[in-house]
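J.: Below: one structure in structure tokens.
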Ligand SMILES: [Cu+2]
């Protein structure tokens, strides 16, 4: 084989990324209206850290509802809270996650931000509208998804190997499962209130 050809073959081999799989499946949440809003995520991977994204995540306050209702983010992510309504809204969290922050109250079209620097779950509430509620989950890997109403989820690009997959839901008890990811991998979960 000529030297140029072998150099090209080596370059091609090096360009192949580490094997990664797609994790997909269904979460069944018993006792709730449907199986939407479960967060499925890969727990911390030994020896791996992930830089927080520069782009901010967003939660809107629109028509007196937080949108989305459940937002998973990688640890270190800043979330912008936007008020899209013609009334004043507030965002605060009674949880130790982010030291019980309270962003105050602000008018339509404006945003305030909060950074989530550790693995935790924050319940978000609005002092003006007690029925408003949302959740931010700060998770240790970028491999996460929120289930659709039928409970289905899909997480792309999970590194092949042994992982722990965790499931969290606003109303159902959390669960987790140790499993091996190899290529296209299926994981089904059943949780209940
Ligand atoms: Cu409000």
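J.: Please work out which residue is farthest from residue 48 (Cα to Cα), limiting yourself to the range 115-128 and to residues that are touching a strand residue (DSSP E or B) at 6+ places or on another chain (Cβ under 7 Å) and away from the ligand (no atom under 16 Å from the Cβ).
T.: Step by step, filter the range 115-128, then rank; the result is 122.
J.: Also, I was wondering about something else. Among the residues of the range 95-116, which ones are closer than 28 Å to residue 166 by Cα and either exposed (fewer than 12 other Cβ atoms within 10 Å of the Cβ) or modelled with pLDDT of 95 or more (or both)?
T.: 96, 99, 100, 113, 114, 115, 116
J.: I would also like to ask the following. Restricting attention to the range 152-161, does a residue exist that is assigned by TED's automatic domain parsing to the domain that holds residue 65, touching a residue at least 12 places away in the same chain (Cβ under 8 Å) and closer than 30 Å to residue 25 by Cβ?
T.: Checked the range 152-161: no residue is assigned by TED's automatic domain parsing to the domain that holds residue 65, touching a residue at least 12 places away in the same chain (Cβ under 8 Å) and closer than 30 Å to residue 25 by Cβ.
J.: Now for a different question. Could you tell me whether residue 80 is away from the ligand (no atom under 12 Å from the Cβ), over 14 Å from the mean Cα position of the chain (by Cα), modelled with pLDDT of 95 or more and within 25 Å of residue 49 (Cβ to Cβ)?
T.: yes
J.: Here's something else I'd like to know. Test residue 61 against the stated conditions and say whether it is farther than 30 Å from residue 26 by Cβ, within 16 Å of the ligand (Cβ to nearest atom) and touching a residue at least 40 places away in the same chain (Cβ under 8 Å).
T.: Yes: the conditions hold for residue 61.
J.: Take the residues in the range 31-47 that are out of contact with any strand residue (DSSP E or B) (no Cβ under 8 Å at 6 or more places or on another chain) and at negative phi; name whichever of them is modelled with the highest pLDDT.
T.: It comes out as 44.
J.: Being within 17 Å of residue 147 (Cα to Cα), modelled with pLDDT of 95 or more and touching a strand residue (DSSP E or B) at 6+ places or on another chain (Cβ under 9 Å) is the requirement here; does residue 65 meet it?
T.: Here the answer is no, as residue 65 does not meet what is asked.
J.: So, residue 131, is that one surrounded by fewer than 14 Cβ atoms within 10 Å (Cβ to Cβ) and either under 29 Å from residue 30 (Cβ atoms) or within 16 Å of the ligand (Cβ to nearest atom) (or both) or not?
T.: Taking the combined requirement at face value, the residue satisfies it.
The values are calculated or read from the model by the stated rules, or taken from the named source; none is laboratory data. In this text the structure is predicted, and so the values were computed from the model without any measurement. Glycine gets a Cβ as well: all are built from the backbone with ideal geometry, and neighbour counts include every protein chain shown.
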